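> So that we are looking at the same thing, I have put the structure below in structure tokens.
The values are calculated or read from the model by the stated rules, or taken from the named source; none is laboratory data. Just so we're clear, the structure is a prediction, and the values are computed from it rather than from any experiment. In this analysis, Cβ positions are derived from the backbone assuming ideal geometry, glycine residues included, and neighbour counts consider all displayed protein chains. Protein only, heavy atoms only, side chains kept; ligands, DNA and RNA dropped before computing areas. Shrake-Rupley method; radii C 1.70, N 1.55, O 1.52, S 1.80 Å.
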Amino acid sequence: MIDLQADADPGDDPWELVADWLPADDDADRPQAVLSTTGADGYPNARTVLVSAVDRSGFAFHTHRSSRKVAELDVLPRAALVLSWPGSTRQLVVRGDVVPDADASAARVWAARSDHLRRLAWLNDDDLAARDRAGRVAAWAADVPTDAGSPPAPSWVGFRVAPVELTFWAGGADTASRRLQFRRDGSGWARRWLAG
Ligand SMILES: Cc1cc2nc3c(=O)[nH]c(=O)nc-3n(C[C@H](O)[C@H](O)[C@H](O)COP(=O)(O)O)c2cc1C
């Protein structure tokens, strides 16, 4: 694990740090991130999502087509993601442009999701949420295709946050926390150290 409190130079490529800090795409245990968008009323909005996949094109998440975040991104396709690790050891803040994820990636992520999460994609809507408990349990038993080989539910949609800025934060036990920030600079990145 690249330690941003060590003296070794972490390099000029933020994606090497991303690959070092985040699990590979085939790891079923997906990291959580707080996804922030801009609400229609101008207030920031935020919610937790699973980071479904990561490559140099960005950080993918998948969601319901008719969710509020999708409507917000339709108006302003920019977002921030905050990933944090237990014990206040590390944090990664990503700010960027949001683009649709490739269909092939969406199908891969669908296949890797649990049966429970695939069922959720089929059934989770406001009508179900408003029912009483017995109604919600009964609706949950609906016959929907949830096996890994099934095509994604029509509600299922993926996006990628393509970063313009990545800020890696490292906690410190015997010294101050500090951050390494990469800002997009032409086809490369400008790098600077910041107070934590
Ligand atoms: C740990 C955790 C992981 C979640 N992962 C996702 C996810 O990957 N995609 C998603 O749409 N919602 C996910 N949710 C639910 C969202 O936080 C949110 O409630 C939902 O997407 C509706 O958000 P919106 O109305 O702002 O669009 C997750 C919630 C939690 C607590």
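> Could you do me a favour and compute the accessible area per residue for segment 94-196, 1.4 Å probe, result in Å²?
On the way: 5820 Å² over 103 residues.
So segment 94-196 comes to 56 Å² accessible per residue, rounded to a whole number.
> Taking the Cα centre as origin and putting +1 on Lys and Arg beta-carbons and -1 on Asp and Glu beta-carbons, what dipole magnitude results for the chain, to the nearest 20 debye?
Charge dipole of the chain: 540 debye, to the nearest 20.
> Would you mind computing, in nm to one decimal, how far apart the modelled labels at D174 and D13 are, each placed 7 Å from Cα along Cα→Cβ?
Placing both labels 7 Å beyond Cα along the Cβ direction yields 3.2 nm.
> Something else: Of A148, T38, A102, which is farthest towards the positive pole of segment 27-166's charge dipole, taken about the Cα centre with +1 and -1 on the beta-carbons of Lys, Arg and Asp, Glu respectively?
The listed residue farthest towards the positive side: T38.
> Heavy-atom accessible area of V93 with all protein chains present, probe 1.4 Å, nearest 10 Å²?
Roughly 40 Å² of V93 is accessible to a 1.4 Å probe.
> Next up: Give, as a single signed number, the net charge of other residues whose beta carbon lies under 14 Å from the beta carbon of D74, with Lys and Arg counted +1 and Asp and Glu -1.
The answer is +2.
> Can you work out the accessible area per residue across segment 30-71, with the rest of the protein chains kept in place, probe 1.4 Å, in square angstrom?
50 Å²
> May I pose another question? Cβ under 14 Å from L35's Cβ, L35 left aside: what net charge do those residues give with Lys, Arg +1 and Asp, Glu -1?
Computed value for this residue: +4.
> Around A170, under 10 Å between beta carbons, what's the net of Lys plus Arg minus Asp minus Glu among the other residues?
+2
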